Amino acid sequence: MTTLLYILAGLVLLILILALIAPKTYNVSRSIEIAKPKSTVFTYLRSLKKQGEWSPWGKRDPNMEQKFTGTDGEVGSMNYWNGNKEVGEGEQEITKIVEGERIESELRFLKPWKSTSDAYITTEDVDANTTKVTWGFSGKNKFPMSIMMLFMSMDKAVGKDFEEGLSNLKKQLEK
């Protein structure tokens with residue numbers, strides 16, 4: 001019985017130590033240059049409906065259910081989706097727009113697990129006909145997910161998706 005108590009105490013202590021050292025936040029982003037003026041790129045990017053043309057997740061479930069509410073491209077507009085296991089269920093709401101520079105949104109994932117992230121897209125002039133687009137998201141790792149982040153990388157988990165999406169965006173806008 002005493003041995004069992006020591007084992008349980010050891011497991012509790014291990015979990016507490018892991019929770020203390022586990023990463024509390026994440027931030028993943030990728031950038032690409034697009035041969036179009038910033039105003040053209042920004043106008044295109046602010047549309048939630050147009051994200052389906054370049055987002056890698058839309059291609060993973062062409063039968064995904066989507067509902068759009070609000071005025072597309074304005075603060076408060078929202079995209080709800082419900083798809084297969086790869087895309088899950090959730091919603092994205094535009095929360096802030098800095099005209100010509102930044103679009104912020106809140107991603108609320110409902111399935112396969114609940115979480116919330118802050119997403120953003122920024123645009124910067126490289127020159128008159130080239131725009132640098134940065135797409136990213138950040139959030140907090142809550143217990144027990146924070147412990148899992150010791151063994152997996154959010155950057156590795158979604159970084160390639162961001163790269164694929166930005167490559168699709170470049171092809172879409174430069175055609």
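The values are calculated or read from the model by the stated rules, or taken from the named source; none is laboratory data. This structure is a prediction, so every number in the text was calculated from the model and none was measured. All Cβ positions, even for glycine, are placed from backbone atoms using ideal geometry, and neighbour counts span all protein chains on display. When the accessible area is computed, the model is the full protein with side chains, heavy atoms only, and any ligands, DNA or RNA have been set aside. Shrake-Rupley method; radii C 1.70, N 1.55, O 1.52, S 1.80 Å.
Given +1 at the Cβ of Lys and Arg, -1 at the Cβ of Asp and Glu and no other charges, the dipole of the range 47-175 around its Cα centre is 540 debye to the nearest 20.
At 222 nm, what value in deg cm²/dmol follows for the chain if DSSP H runs of at least 4 each add -39500 (n - 2.57) and the sum is divided by all its residues, to the nearest 500?
Calculated at 222 nm, the ellipticity per residue is -10000 deg cm²/dmol.
Taking the alpha carbon gyration tensor of the range 68-126, multiplying each eigenvalue by 5 and rooting it gives semi-axes of 24, 13, 9 Å, largest first. Of the DSSP H helices in the chain, those with a Cα length along their own long axis of 20 Å or more and a mean Kyte-Doolittle hydropathy reaching 1.0 comprise 2-21.
Multiplying the residue separation of residue 109 and residue 63 by 0.36 nm and removing their Cα-Cα distance gives an extension gain of 14.7 nm. Taking a Cβ cut-off of under 10 Å around residue 27, the surrounding Lys, Arg, Asp and Glu residues balance to a net charge of -2, with basic ones at +1 and acidic ones at -1.
Figure note: 113, 81, 57 ranked by solvent-accessible area, largest first, 1.4 Å probe, ligands and nucleic acids not counted: 113, 57, 81. Only the Cβ atoms of Lys and Arg (+1) and of Asp and Glu (-1) were treated as charged; on that basis the dipole of the range 3-74 about its Cα centre amounts to roughly 200 debye. Here, the chain is characterised by an Rg to Rh ratio of 1.09, where Rg is the alpha-carbon radius of gyration and Rh the Kirkwood radius.
Stretching the chain fully between residue 132 and residue 74 yields a gain of 18.7 nm (0.36 nm per residue, less the alpha carbon separation). Give the cross-link partners of residue 114 among the lysines, using a straight C-alpha distance below 24 Å as the criterion and excluding same-chain residues fewer than 8 apart. Reachable lysines: 24, 49, 59, 67, 85, 96, 140, 142, 156, 160. Fully extending the segment from residue 14 to residue 172 would add 51.9 nm, taking 0.36 nm per residue of separation and subtracting the current Cα-Cα distance.
On a per residue basis, the range 1-102 carries 62 Å² of accessible surface, using protein heavy atoms and a 1.4 Å probe.
Here each label is just a point 7 Å from Cα along the line to Cβ, and for residue 98 and residue 24 those points are 2.5 nm apart.
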